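The values are calculated or read from the model by the stated rules, or taken from the named source; none is laboratory data. All values reported here derive from a predicted model rather than from experimental measurement. Backbone-built Cβ (ideal geometry, glycine too); neighbour counts: all protein chains shown.
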Amino acid sequence: MPDGSFAHPQQRHFNPYTENGGTILAIAGADFSVIAGDTRQSEGYSIQTRYAPKVFRLTDRAVLAVNGFAADGNMFVKKVKQRLEWYRHAHAKDMPLRAIARLIQTMLYAQRFFPYYVYNILGGIEEDGKYHTSLPSYSTAFPPHPLSRVHWIKREWKCGPKVLVANTFRLLVQLGSGAVYSFDPVGSYEREACRAAGAAQSLVQPFLDNQIYFKNQTAPAGQSHPTHLPLQDVLSIVIDSFTSATERHIEVGDGLEMYVVLAKGRSPQGLESIAGIQEVTTKSDSDRVFVIRRELKKD
Amino acid sequence: MDHFPTSWGRPRNEAYDAFNTYPLHQRPNHSKDVFADGVQRTQQPIVTGTSVLALTYKDGIMMAADNLASYGSLARFKSIQRLHAVGNSTVLGASGDMSDYQYIQTLLDELVIDEFTANDKHDLGPAEIHEYLSRVLYSRRSKMNPLWNSLLVGGKKNGKRFLAYVDLLGTTYSASTIATGYGAHIAIPLLRKAIEGRENTLTEAEARSILTEAMRVLFYRDARSLDKFQIATVNDEGVSISETITLETAWGFAEGIRGYGAQTQ
């Protein structure tokens with residue numbers, strides 16, 4: 001022992017975890033989702049960097065926010081992305097959101113006895129939304145993608161063409177709905193309308209309960225609270241959540257990254273006017289993903 | 001008859017009858033590793049290096065570390081080099097356990113030789129070296145057998161500067177100025193003030209003097225530091241690690257300090 005006496009046998013334990021601060025948050029709308037996180041990474045009282053992303057685009061309809069132990073978080077995101085790529089190679093399409101949610105729970109629970117010390121929030125578009133009122137014609141409903149043809153033939157073999165047309169038609173014109181899934185480190189998960197996690201969870205979640213779920217608010221006589229808020233209102237709530245968390249929590253600040261996922265068929269109403277917005281969608285004719293970046297206080 | 005060749009020619013165990021049918025005989029149990037108790041994992045660093053500082057400037061990145069390897073509070077080795085060139089576009093700076101660092105050096109040297117022998121006109125840049133190290137350190141922490149270091153990887157390849165950190169937990173991040181250990185507390189405020197927002201205008205001479213000043217402050221305040229250090233630069237010309245630089249220090253001010261120490265007013 002270089003420093004200290006040999007008088008008492010020393011037993012030291014290596015702690016494989018640390019906390020890297022920061023906060024994440026996601027809110028689901030009727031036909032969109034907003035997933036956001038600050039970009040500060042810290043350990044104890046030290047700011048390690050002012051820009052370390054915690055929110056990641058997985059597919060054109062799924063965005064994952066990861067908070068807790070940064071090394072575990074990065075490794076976990078890396079492995080989820082890898083599994084989604086394998087899925088793409090096997091099935092020639094992106095994994096649906098609810099399937100990604102179950103995948104994440106399985107991957108987290110696989111590490112039950114040496115957990116990834118991360119809180120995950122998955123946001124995006126679920127394939128369970130309202131149906132289009134103006135139905136596109138049969139020919140445009142079938143996309144030109146060659147693999148969709150394979151799909152068609154398979155179904156024909158299984159069931160009569162009448163049933164087939166009905167099924168495929170419905171799938172194609174369905175408008176997705178905004179969805180948020182939140183997880184604990186060992187995989188317990190549920191679908192919610194909104195969720196905050198991380199260092200400032202205890203500051204942000206009560207605010208969301210009040211503003212999104214209208215808890216402790218009474219609607220004016222004869223009126224009821226809206227079930228879903230419009231995108232502009234949600235973005236304002238997200239920005240206010242993070243500026244407030246930055247004021248009151250030392251581990252939150254530096255930068256804010258907000259991902260907006262829009263359901264296919266929804267017009268990007270008002271979104272194009274937002275300063276510094278950037279589209280990160282990879283395919284045309286799909287749900288769309290945008291990133292909005294804002295500065296937060298750096299002290 | 002014992003049909004396991006590995007058991008042949010070994011001293012007979014008279015305690016059991018190999019020909020018996022009940023209870024079933026068992027082979028002598030070799031599965032226990034007799035040296036298992038002797039296997040030690042790093043539970044704490046022994047011979048250690050203190051802070052490494054790094055910054056990005058106009059033409060590339062610059063890194064500094066002193067030449068000391070301490071054994072607890074003893075200044076044990078006073079001409080150790082803690083900056084290491086990897087390939088021709090990367091430099092690695094190490095703090096923490098020096099034997100783990102030397103092991104990492106052998107890993108990297110093997111890696112670079114493998115890449116060289118492939119002779120495919122590809123070589124590893126700083127981003128690849130950092131990714132490799134972060135995987136090695138994260139996998140070792142996951143085996144509860146960490147490599148007890150905080151490492152800085154810096155470099156420039158294809159006109160792109162790179163500076164990032166990785167430690168014994170596998171934690172990684174990149175920033176325009178980074179310091180490990182005590183430097184993260186003492187040097188970072190000075191470095192951020194001098195560098196943030198000026199990454200693309202700072203000249204090599206300015207960068208060198210900022211680093212030297214930070215190293216001086218660290219030598220004044222960090223009891224595990226030394227006044228001899230080296231600076232590594234990576235720019236378009238490649239990697240260069242300086243000769244040992246000796247800090248100029250002045251201790252006259254200590255005379256005037258009152259309020260602690262041996263003196264009574």
Exercise for review: Would you tally the residues in region A:196-214 being closer than 25 Å to A:Pro268 by Cα, in contact (Cβ under 8 Å) with a residue 40 or more places away in the chain and assigned to a helix (DSSP H, G or I)?
Suggested key: 1
Check your understanding: For residues in region B:127-147 being surrounded by fewer than 22 Cβ atoms within 10 Å (Cβ to Cβ) and in contact (Cβ under 8 Å) with a residue 60 or more places away in the chain, which is nearest to the chain's Cα centre (by Cα)?
Key -> B:Asn145
Practice item. Determine if region A:102-109 includes at least one residue that is more than 14 Å from every other protein chain (Cβ to nearest Cβ) and closer than 21 Å to A:Arg288 by Cα. Key: no
Review point. Is it the case that some residue within region B:229-242 is touching a residue at least 24 places away in the same chain (Cβ under 8 Å), over 28 Å from A:Ser42 (Cα atoms), in a loop (DSSP other than H, G, I, E, B) and out of contact with any Cys (no Cβ under 7 Å at 6 or more places or on another chain)?
Key: yes
Check your understanding: Restricted to region B:149-174, and to residues that are more than 9 Å from every other protein chain (Cβ to nearest Cβ) and among the polar types (S, T, N, Q), which residue is surrounded by the fewest Cβ atoms within 10 Å (Cβ to Cβ)?
Key -> B:Asn158
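Is one or more of the residues making up region B:136-144 basic (Lys, Arg) and facing chain A (nearest Cβ under 8 Å)? Spell out the reasoning first.
Going through region B:136-144, the residues basic (Lys, Arg) turn out to be B:140-141, B:143.
Filter once more, keeping what is facing chain A (nearest Cβ under 8 Å): B:141.
Looking for residues that are basic (Lys, Arg) and facing chain A (nearest Cβ under 8 Å), one finds at least one in region B:136-144, hence yes.
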Point to revise | Unmet criterion (only one of (1) within 14 Å of chain A (Cβ to nearest Cβ); (2) under 11 Å from B:Leu55 (Cα atoms)) for B:Pro189 | key: (2)
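Determine which member of the set B:Thr201, B:Thr177 is hydroxyl-bearing (Ser, Thr, Tyr), in contact (Cβ under 8 Å) with a residue 40 or more places away in the chain and either within 13 Å of chain A (Cβ to nearest Cβ) or surrounded by 20 or more Cβ atoms within 10 Å (Cβ to Cβ) (or both). Give the steps one after another, and end with the answer.
Working: B:Thr201 fails: either within 13 Å of chain A (Cβ to nearest Cβ) or surrounded by 20 or more Cβ atoms within 10 Å (Cβ to Cβ) (or both).
B:Thr177 is the lone residue from the list that is hydroxyl-bearing (Ser, Thr, Tyr), in contact (Cβ under 8 Å) with a residue 40 or more places away in the chain and either within 13 Å of chain A (Cβ to nearest Cβ) or surrounded by 20 or more Cβ atoms within 10 Å (Cβ to Cβ) (or both).
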Review point. Can you tell me how many residues in region A:215-258 are surrounded by 15 or more Cβ atoms within 10 Å (Cβ to Cβ) and either part of a loop (DSSP other than H, G, I, E, B) or among the aromatic types (Phe, Trp, Tyr) (or both)?
Key: 8
Practice item. Tell me, please, whether a residue that is touching a strand residue (DSSP E or B) at 6+ places or on another chain (Cβ under 9 Å) and modelled with pLDDT under 95 can be found in region B:107-114. Key: no
Study note, to complete from the structure: Exception for B:Ala65 within (1) under 28 Å from B:Ile210 (Cα atoms); (2) surrounded by fewer than 24 Cβ atoms within 10 Å (Cβ to Cβ) falls at (2)
Review point. Residues in region A:172-186: is at least one in a helix (DSSP H, G or I), aliphatic (A, V, I, L, M) and more than 20 Å from A:Ile121 (Cβ to Cβ)?
Key: yes
Study note, to complete from the structure: If we keep only residues of region B:100-126 that are under 19 Å from B:Gly49 (Cβ atoms) and surrounded by 15 or more Cβ atoms within 10 Å (Cβ to Cβ), then the residue farthest from the other protein chains (Cβ to nearest Cβ) is B:Leu108
Exercise for review: Please name all residue pairs, on different chains or six or more residues apart, with Cβ atoms under 7 Å, provided the first residue is in region A:281-297 and is within 12 Å of A:Ala263 (Cα to Cα) and the second residue is surrounded by fewer than 11 Cβ atoms within 10 Å (Cβ to Cβ).
Suggested key: A:Phe290/A:Gln278
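Hey, could you check region A:3-33 for residues that are more than 30 Å from A:Thr243 (Cβ to Cβ) and among the charged types (D, E, K, R) and say which is modelled with the highest pLDDT? Spell out the reasoning first.
Within region A:3-33, the subset more than 30 Å from A:Thr243 (Cβ to Cβ) is A:3-16.
Checking which are among the charged types (D, E, K, R) leaves us with A:3, A:12.
Working: A:Asp3: 54, A:Arg12: 62.
That would be A:Arg12.
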**Study point:** Checklist (1) in contact (Cβ under 8 Å) with a residue 40 or more places away in the chain; (2) over 21 Å from B:Leu151 (Cβ atoms) applied to B:Ala254, failing item
**Key:** (1)
Check your understanding: Hey, any hits in region A:278-292 for a residue that's of a type outside the set (A, V, I, L, M), crowded, with 16+ Cβ neighbours inside 10 Å and in a strand (DSSP E or B)?
Key -> yes
Review point. Looking at region B:69-84, which of the residues that are over 11 Å from B:Gly154 (Cβ atoms) and more than 14 Å from chain A (Cβ to nearest Cβ) is surrounded by the most Cβ atoms within 10 Å (Cβ to Cβ)?
Key: B:Arg82
